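Questions regarding the structure given below will be posed in turn.
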Amino acid sequence: DYVFRGLDIADADRQASGISQDALEKLRSEFLYWYPMDLRSSGKELIGNHLTFCLYNHTALFPEKLWPQSMRTNGHMLINAEKMSKSTGNFITLREGIHKFSADGIRFALADAGDTVDDANFAEKMADEAILKL
């Protein structure tokens with residue numbers, strides 16, 4: 001109650017817990033450093049479970065000032081209009097992409113890929129063209 005909700009704890013209860021006042025204050029301080037959560041970013045497939053329950057849990061446990069400030073969802077990532085998958089080999093890491101296309105080529109291609117809940121398509125052609133235009 002003290003760490004997450006800021007409620008006072010009776011000295012006898014704190015002593016019975018075996019947790020020092022200093023430790024409790026550090027825990028409370030760490031919690032308040034991260035809360036309220038300013039942004040929860042997740043995939044669109046998690047709207048019906050993780051994101052919904054994130055809202056339920058925060059509203060049930062915390063005062064409104066500690067509720068999440070915003071949530072963002074995104075679609076899946078495609079490469080050249082095909083689902084990205086490690087198992088099929090249609091996968092590229094950021095490090096590999098920067099090596100192959102440069103940081104600016106990656107930026108251009110990702111910016112062009114889209115940012116809605118629709119699936120984003122990373123087009124290697126766009127990354128190549130961006131390098132040539134730079």
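Size of the chain along its principal axes in angstrom, Cα-based, largest extent first?
Rounded to whole Å, the extents work out to 69, 30, 29 Å.
Can you count the Lys pairs in the chain whose Cα atoms are under 30 Å apart, with each pair 8 or more apart or on different chains?
Taking the chain as the scope, the lysine pair count is 14.
Gain in length, residue 87 to residue 71, computed as 0.36 nm per residue apart minus the alpha-carbon separation, to one decimal in nm?
Length gained, residue 87 through residue 71: 2.8 nm.
Roughly how many Å² is the accessible area per residue of the chain, as a whole number, for a 1.4 Å probe?
In whole numbers, the chain has 72 Å² accessible per residue.
What residues qualify as long-range amide H neighbours of residue 71, i.e. H under 5 Å apart, gap of 5 or more or another chain, H built at 1.01 Å from N?
Amide H neighbours of residue 71, under 5 Å, 5+ apart: 40.
Can you work out ³J(HN,Hα) from phi for every residue in the range 108-120, in order, using Karplus 6.51 cos²θ - 1.76 cosθ + 1.60 and θ = phi - 60°, giving whole Hz and x for Gly and Pro?
My calculation for the range 108-120 gives 4, 5, 5, 4, 6, 5, x, 9, 9, 6, 5, 5, 8 Hz in order.
Give the carbon-plus-sulfur fraction of the accessible surface of the chain in %, rounded to a whole number; probe 1.4 Å, heavy atoms of protein chains only.
Ligands and nucleic acids excluded, carbon and sulfur give 55 percent.
The values are calculated or read from the model by the stated rules, or taken from the named source; none is laboratory data. Keep in mind that what you see is a predicted model, and the values were worked out from it rather than measured. What goes into the accessible areas is simple: the full protein's heavy atoms, side chains included, and nothing from ligands, DNA or RNA. Shrake-Rupley method; radii C 1.70, N 1.55, O 1.52, S 1.80 Å.
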